[in-house]
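Below: one structure, written as structure tokens.
Taken together, the values in this text are just the output of simple stated rules run on the coordinates, not laboratory data. Please read all numbers here as calculations on a predicted model, not as lab measurements. Reconstructed Cβ throughout: ideal geometry from the backbone, glycine too, with neighbour counts over all protein chains shown.
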């Protein structure tokens, strides 16, 4: 089966801060290769600063890579012009760690979920509202809350709202960048189960970015471990969780208080 997403030898350089030399570069990504099969979840695990979010931004076409390729359904995104990217970008959606930073606090839940339809000039006003209500239903936000502003919602409700908005344009790939890490454990469990339900019913593919191996164990089929801009270990989730081969992986596992080898039983088949 052809992967939905295939990243090969991706490099991303930024100008080094606090350097007197203008040609000094910081390698945020240093030859990253990764593939994701359709309707599966790959968890990308690593410490802050390892390059996870930079990789997410490159895949979502929000940052241009310095070199390498990003193939989505066999199309190399790095070769496309702005018009071609605008056509493909709705198929790849990002959900961030802090939904409050990506949701207009003065807009209602209905407005927020309707916005992608408006931007893409899809449907009539009444159809946009009807489809937005259906999306709120899908993420278990009661319709009575459709008129509430984002500022009036709890952290978990805001993240459900962000997921609903990400679903609006029927994407094939959703990148979840630490999307559960700001929530308490009970809300994390609820939303992770929602993500699994959505994947099953809609055929979604996830790139789940996290520093939490317990959540990776619950959600992922495959795990890739990043350190200093490189993927240092990858493979089936059970193999990574039960028989880690790289010292970085072993260190991250040891630092995950909720993880034990028994958590490997949670890995999706």
- Message: Can you tell me the mean projection area, over all orientations, of the convex hull of the range 169-213's alpha carbons? Units nm², please.
- Response: 3.3 nm²
- Query: How many nm is it between the label spots at residue 134 and residue 202, if each spot is 7 Å from the Cα in line with the beta carbon?
  - Reply: 1.2 nm
- What is the Cα convex hull volume of the chain when expressed per residue in Å³? 146 Å³
- Query: Rounded to two decimals, what is Rg over Rh for the range 73-117 when you use alpha-carbon atoms and the Kirkwood radius?
  - Reply: 1.09
- Query: Can you give the relative contact order of the chain as a percent, counting alpha carbon pairs under 8 Å and 6+ residues apart?
  - Reply: 24 percent
- Select from 188, 84, 199 the residue whose mean-square fluctuation is largest in a Gaussian network model of the chain (Cα-Cα springs shorter than 10 Å). 84
- Cα shape, the range 43-125, gyration tensor, a/c 1.5 rule: oblate
- Message: Output the 0 to 90 degree angle, nearest 10, between the alpha-carbon long axis of helix 185-202 and the longest principal axis computed from the alpha carbons of the chain.
- Response: 80 degrees
- Message: Over the Cα atoms of the range 110-269, each weighted equally, I'd like the Debye log10 I(q)/I(0) at q = 0.11, 0.15, 0.17, 0.19 Å⁻¹, rounded to two decimals.
- Response: -0.51, -0.84, -1.00, -1.15
- 222 nm [θ] for the chain, helices only, -39500 (n - 2.57) per DSSP H run of 4+, per residue, to 500? -10000 deg cm²/dmol
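Normalise the Cα radius of gyration of the range 133-203 by 2.2 N^0.38 Å (N = residues in it) and let me know the number.
1.06
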